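Asks: Input: one structure, supplied below.
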Amino acid sequence: QVQLVESGGGLVQPGGSLRLSCAASGSIFSINAMGWYRQAPGKQRELVAGITRGGSTNYADSVKGRLTISRDDAKKMAHLQMNSLKPEDTAVYYCNADIRRSTSYVFYNYWGQGTQVTVSS
């Protein structure tokens, strides 16, 4: 069974920083694209940042220059460095990944359970 587990969320003041981590576990053969999404109360889930297996990245316009996505394939992890945080960044942040299990030739899409990020003074 494959799992994605996020960590690193919490309460931070405006202008502060947080680093989110996502760890993939289970019988994993390979991981393709990985991404971070967020969902604020009353809003739809939106893509924040994505990274391909080759390291190409893309970001939502609202976070460009402030958030940085990275991955460590050896550790099966992804990270989201969040700087200059704003109150509008408050949301539950979810990790997402396309993963091929050891017993399959197909990539499936997986979600983590989410971690709360609250930006408030």
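Asks: Of Ile69, Phe107, Met82, whose Cα points farthest to the positive end of the dipole of the stretch 61-121 (charges on the beta-carbon: +1 Lys, Arg; -1 Asp, Glu; origin at the Cα centre)?
Replies: Positive-end residue among those listed: Phe107.
Asks: Karplus couplings for the stretch 36-49 from phi (6.51 cos²θ - 1.76 cosθ + 1.60, θ = phi - 60°), rounded to Hz, Gly and Pro as x?
Replies: Values per residue, Gly and Pro as x: 10, 10, 9, 9, 8, x, x, 10, 7, 5, 10, 6, 9, 7 Hz.
Asks: Under unit Cβ charges (Lys, Arg +1; Asp, Glu -1), what dipole magnitude, rounded to 20 debye, does the chain have relative to its Cα centre?
Replies: That gives a dipole near 140 debye.
Asks: Express the relative contact order of the chain as a whole percentage, based on alpha carbon pairs under 8 Å and six or more residues apart in sequence.
Replies: Over the chain, the number comes to 37 percent.
Asks: Sequence neighbours fewer than 8 away in the same chain don't count; with that in mind, list the lysines whose C-alpha is under 23 Å from Lys43.
Replies: Within the straight-line cut-off, Lys43 pairs with Lys64, Lys86.
Asks: Further, regarding this structure: I'd like the carbon and sulfur percentage of the solvent accessible area for the chain, probe radius 1.4 Å, heavy atoms only, ligands and nucleic acids excluded.
Replies: 47 percent
Asks: Now for a separate question. Over the chain, give the accessible area per residue in Å² for a 1.4 Å probe, as an integer.
Replies: Here the per-residue accessible area is 54 Å².
Asks: Another question, if that's okay. Residue separation times 0.36 nm, minus the C-alpha to C-alpha distance between Ser7 and Ser27: what's the value?
Replies: Residue separation times 0.36 nm, minus the Cα-Cα distance, leaves 5.1 nm.
Asks: Something else now. Dividing the alpha-carbon Rg of the chain by 2.2 N^0.38 Å yields what?
Replies: 1.04
The values are calculated or read from the model by the stated rules, or taken from the named source; none is laboratory data. Because the structure is predicted, anything quoted here is derived from the model rather than measured. When we count neighbours, we look across all protein chains shown, and the Cβ atoms used for this are built from the backbone with ideal geometry, even at glycine. Surface areas here come from the heavy atoms of the whole protein model, side chains and all, with no ligands, DNA or RNA. Shrake-Rupley method; radii C 1.70, N 1.55, O 1.52, S 1.80 Å.
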